[in-house]
């Protein structure tokens, strides 16, 4: 769903690093180097960010589409 | 016992402890993990939640957010003089969150919490709590309390607390022909080739894996990896609630208190017998 607040295994805070990680990887940076620069050393915490899929965004698309339809309906009537 | 600080970088601390033994260091480690209190959200009253996450999921996420802890200003709920199940302002902090997405999709961050006590706030302002689509609302009140790691992992003040023996590497310069195989095989890059000799670059990262001993073509091997059983490298990484040095001093205090209580109990038992 949404990025977990802490690493499942060790409990290190990783939630606040996700957005920077995702942004930098999207711009073409190598994921391993981004993790190194964020000072995520252990492989338990590294996999949290590496293997994460933000499904909330996919779910929220339904709400965004519904919102668009509502606006379109208001436009015609 | 001698203690030397090897490294202290914001939330990390590495200590070199000489003249201790395994039972003591392990007791200290376990005290750090299970007995040092820190603050975490324990109870959540959800007033309105129309987000895509369920109430329980949000409450769980809130609980895991590390909060900056003031150990001197607050009591553990079970030791608080108020004796109330609900808590008083000496053992409980209330944090409120009231957000609504007015324009498009947006993320709610931990920084949007309004705390009763400005010192007890989330460690980071950028932890995503939930994402809200337009017109979705989240309104809640959360109560943070002190707690111990033995009850729930959210009250652990550390994300890592480990120790290892101090490695001792000896290279027999008479038998070593500086083939360099041990330098190549070492994943921690402990050894380095200096001309026709093998030297130790940095001893601390050594994991005592013995790969360098196994790979040495000499028989018996020219490299010998052993460890000092009375010297430890203690590695501590705080989760952010308390500074690492405070966690350590608090653990020592708690361990001392528990041992004193143990001695007192033994004395009571003895006097009962006689």
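Each reported figure results from applying straightforward, stated rules to the coordinates on display, with no laboratory input. All values reported here derive from a predicted model rather than from experimental measurement. All Cβ positions, even for glycine, are placed from backbone atoms using ideal geometry, and neighbour counts span all protein chains on display.
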Across the residues of A:8-20, average count of Cβ atoms on other protein chains within 10 Å? 6
In whole angstrom, the spacing between the Cα centers of the range B:7-53 and the range A:1-68 equals 23
When the chain is fully extended, how far beyond the present Cα-Cα distance does residue B:117 get from residue B:164, taking 0.36 nm per residue of separation? 13.0 nm
If r is the Cβ-Cβ distance from residue B:262 to residue B:30 and R0 is 22 Å, what FRET efficiency results, to the nearest 0.05? 0.90
What average count of beta carbons from other chains do you get within 10 Å of the Cβ of residues in B:159-169? 2
Which value in nm describes the separation of the simple spin-label points at residue B:189 and residue A:8, placed 7 Å from the Cα toward the beta carbon? 3.2
Of B:42-48, A:42-48, A:26-32, ordering from highest average Cβ density within 10 Å down gives A:42-48, B:42-48, A:26-32
If you stretched the chain out fully between residue B:102 and residue B:89, how much longer would it get, using 0.36 nm times the residue separation minus the C-alpha to C-alpha distance? 1.3 nm
Take peptide B:130-136, look around each residue's Cβ out to 10 angstrom, count Cβ atoms belonging to other protein chains, and average those counts. 5
For the range B:38-153, what is the relative contact order in percent, using Cα pairs closer than 8 Å and at least 6 residues apart in sequence? 42
So if I take the centroid of the Cα atoms in the range B:244-266 and the same for the range B:60-81, what is the distance between those two points in Å? 19
List the relative contact order of chain A as a percent without decimals, with contacts defined as Cα pairs under 8 Å and 6+ residues apart. 35
Spin-label proximity, residue A:67 to the range B:88-130 - amide N less than 13 Å from point 7 Å beyond Cα toward beta carbon: B:100-108
What is the distance in Å between the Cα centroid of the range B:175-229 and that of the range B:107-168? 43
